[in-house]
Structure formats: C-alpha cells, structure tokens
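Below is one structure, written out as structure tokens, with a few remarks after it.
The values are calculated or read from the model by the stated rules, or taken from the named source; none is laboratory data. Note that the structure is a prediction, hence the values are computed from the model and not measured. Glycine also receives a Cβ, built like all others from the backbone with ideal geometry; neighbour counts cover every protein chain displayed. When the accessible area is computed, the model is the full protein with side chains, heavy atoms only, and any ligands, DNA or RNA have been set aside. Shrake-Rupley method; radii C 1.70, N 1.55, O 1.52, S 1.80 Å.
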Amino acid sequence: MPTPSMEDYIEQIYMLIEAKGYARVSDIAEALQVHPSSVTKMVQKLDKDEYLNYEKYRGLILTSKGKKIGKRLVYRHELLEQFLELIGVNKENIYEDVEGIEHHLSWNSIDRIGDLVQFFEEDPKRVKALEDIHQKSEE
C-alpha cells in the first residue's frame, strides 16, 4: 500500500490525467504546492513501485495498478466531502477537513461511510430529519 504522501501524488496525477489527458511534473508541483524536484523524486519512487511509468523529459503514465488506486483515492476524497456536507459541516471547512482525515481512515470505515451516505440519499426525508437535528443543536 502507498504511504499517505504517495496517495496524494497518485490522486493528483489521476485527476490531472482525467482532466487534461496528461500530468507534467510542473502541473503536479503546482497542484500540490511543492517544488518540482520533490515531484521528480516521488515520481521516481512511484515508478519503482509500479504505480506509474516515468521517462525523464518524456512524461509519465499511470499503470493499471496506479489507475485503480487513483480512482479509489478520488472516490474516497469525494465521498468524505459528500459525507461532511451531509452532516452539516460548513462548506469552507470541508476540503481541509477531508485532507486531514482521509489518510487516517481504513477502507472498511470508508465503505461504512459510503453505506451511510447512500442510506440518507435514498430518502430525502432522512436528510431533512438530519438537517432538523443540526438546526436544533445550533439553537
């Protein structure tokens, strides 16, 4: 399994490739707010661990292993954002909160959160009841 730092890179590379069709070291560095030299080091490690194929000055592509993990990491991030929004977390806090917790939850926990989100979304009355509880707690 990749480390949390590796996960951040794989997730970002996956999103860049999905959005633009490619991911350059400079794009990754900008998105993650790190130096290009740090990206190069991590990309070389990800290549060694077979998450992507990297050729200096030619670019990189995710392997099937990298794509699978990238897709799952994006799902995890989006699911946690959805969950926090559902339970009434202020929108301006959601991104930072997800960044703070996403690497600390097991996939079993992620799956159970997915079940819970699905449970609420299957019946708008459930979402309304949760919103009512949230409003009462703020009074």
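Of the conditions (1) within 30 Å of residue 130 (Cα to Cα); (2) at pLDDT 95 or above, residue 95 fails just one. Which one is it?
Only one criterion is unmet by residue 95, namely (2).
Please specify each residue of segment 17-43 satisfying the condition of being exposed (fewer than 14 other Cβ atoms within 10 Å of the Cβ) and closer than 19 Å to residue 1 by Cβ.
If the condition is that a residue be exposed (fewer than 14 other Cβ atoms within 10 Å of the Cβ) and closer than 19 Å to residue 1 by Cβ, then no residue fits.
Quick one: count up the residues across segment 19-45 that are modelled with pLDDT under 95 and of a type in the set (Asp, Glu).
1
Between residues in segment 58-82 that are more than 16 Å from residue 43 (Cα to Cα) and touching a residue at least 40 places away in the same chain (Cβ under 8 Å) and residues that are of a type in the set (Val, Ile, Thr) and open to solvent by less than 20 Å² (accessible area, probe 1.4 Å), which pairs lie under 8 Å by C-beta distance while being six or more apart or on different chains?
Every condition considered, the pairs that remain are 73/10; 77/98.
Output yes when any residue across segment 89-103 is touching a residue at least 40 places away in the same chain (Cβ under 8 Å) and either of a type in the set (S, T, N, Q) or farther than 30 Å from residue 136 by Cα (or both), and no when none is.
Within segment 89-103, one or more residues are touching a residue at least 40 places away in the same chain (Cβ under 8 Å) and either of a type in the set (S, T, N, Q) or farther than 30 Å from residue 136 by Cα (or both).
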